[in-house]
Amino acid sequence: MLDLFMTFFRIGILTFGGGLTMLPMLKYEIVEKKKWCSEEQLLDCYAVGQCTPGIIAVNTATYVGYLQNGIAGGIWATFGMVAPSLLIITVVAAFLRQFMDNIWLQHALMGIRGVVCALMFNTVINLAKKSLVHPICYVICLVAFLLAMFTDIPTILIVVASAVAGNLLAKKGGQA
């Protein structure tokens with residue numbers, strides 16, 4: 001249990017920018033280093049985490065913890081993932097007024113935003129390489145992207161429709 005907690009604590013404290021920027025570290029720690037699940041399981045968990053309420057990183061930690069040690073593992077992994085944020089927010093809140101006017105902090109945050117965008121782009125490319133395994137997947141991905149960008153359709157409906165389309169198209173002869 002301590003290993004689950006510390007692994008997710010380390011991931012939580014060393015990543016900045018949310019779930020997409022956390023995926024490379026999750027892959028390294030969970031798949032390559034600890035071998036707690038396969039890359040496909042991690043991607044499946046990540047996809048489900050985007051569709052379910054809550055924070056993707058927390059959902060992923062809960063799932064991996066559950067795979068390792070059941071409900072108790074899920075709780076410890078989740079607590080490990082959220083503990084760094086709770087500690088940082090508590091410290092920042094205590095000194096918020098002093099920090100917000102600091103020009104160095106403002107410039108540092110601008111630099112971090114650029115890095116977060118680059119990490120998110122890298123994650124999307126890596127996800128695409130692993131997920132788009134059939135021509136049908138490319139079509140579904142493009143249609144989902146266009147719907148998400150240019151319509152007001154809720155994301156969950158786009159995800160559900162994509163899942164239904166993948167299943168229907170796979171039954172008609174392709175394997176999506």
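Determine the dipole magnitude for segment 1-117: charges of +1 sit on the beta-carbon of Lys and Arg, -1 on that of Asp and Glu, nothing else is charged, the reference point is the Cα centre, and the result goes in debye to the nearest 20.
In debye, rounded to 20, segment 1-117 gives about 220.
Could you grab the relative contact order for the chain? Cα pairs under 8 Å, six or more apart, rounded to a whole percent.
22 percent
Considering the chain as a Gaussian network with a 10 Å cut-off on Cα pairs, which listed residue, Ala47, Ala93, Ala61, attains the greatest mean-square fluctuation?
Checking each option, the largest mean-square fluctuation is seen for Ala93.
Would you list, by chain and number, the aspartates and glutamates whose Cα falls below 12 Å from the Cα of Lys34, excluding same-chain residues fewer than 8 positions away?
Reachable aspartates and glutamates: Asp3.
Name the lysines eligible as straight-distance cross-link partners of Lys27: C-alpha to C-alpha under 29 Å, and not fewer than 8 places from it in the same chain.
Lys35, Lys129, Lys130
From zero up to wherever the largest Cα-Cα distance of the chain sits, split into 10 Å bins and tell me the percent of pairs in each.
Reading upward from the zero bin: 9, 30, 31, 23, 6, 1, 0.
Rounded to the nearest 10 degrees, what's the angle between the helix 2-14 long axis and the longest principal axis of the chain, both from Cα atoms, 0 to 90?
Helix 2-14 sits roughly 80 degrees off the main axis of the chain.
Treating only the Cα positions of segment 101-176 as identical point scatterers, give the base-10 log of I(q)/I(0) from the Debye formula at each q in 0.17, 0.21, 0.25 Å⁻¹.
After summing over all Cα pairs, the log10 values are -0.77, -0.97, -1.14.
Identify the chymotrypsin sites (Phe, Trp or Tyr not before Pro) of segment 34-105 meeting these criteria: DSSP loop state and at most 13 other C-beta atoms within 10 Å of the C-beta.
Here the chymotrypsin sites (Phe, Trp or Tyr not before Pro) that fit, given the DSSP loop and packing criteria, are Phe95.
Pulled fully out, how much extra length does the chain show between Ile55 and Val139, if you take 0.36 nm times their separation in residues and subtract their Cα-Cα distance? Could you put the intermediate results ahead of the total?
Details: separation 84, 0.36 × 84 = 30.24 nm, distance 2.77 nm.
My answer for the length gained is 27.5 nm.
For segment 132-176, what are Rg and Dmax over the alpha carbons, in angstrom?
Looking at segment 132-176, its Cα Rg and Dmax stand at 10.6, 32 Å.
Please find the FRET efficiency linking Ile13 to Leu109, where r is the Cβ-Cβ separation and R0 is fixed at 25 Å, and quote it to the nearest 0.05.
It comes out at approximately 0.90.
Roughly what would the spin-label model give for Asn122 and Lys172, points 7 Å off Cα along C-beta, in nm?
Taking the simple label geometry, Asn122 and Lys172 are separated by 3.9 nm.
Once you put a point 7 Å from the Cα of Asn69 and another 7 Å from the Cα of Ala47, both along the Cβ direction, what distance in nm separates them?
Taking the two extended label points, one gets 3.0 nm.
In what sequence do Met1, Met22, Met81 fall when counting other Cβ within 10 Å, fewest first?
So the ranking, lowest neighbour count to highest, is Met1, Met22, Met81.
Since every read-out is calculated from the coordinates, none of them should be taken as a lab result. Quick caveat, the model's predicted, so the values are computed rather than measured. When we count neighbours, we look across all protein chains shown, and the Cβ atoms used for this are built from the backbone with ideal geometry, even at glycine.
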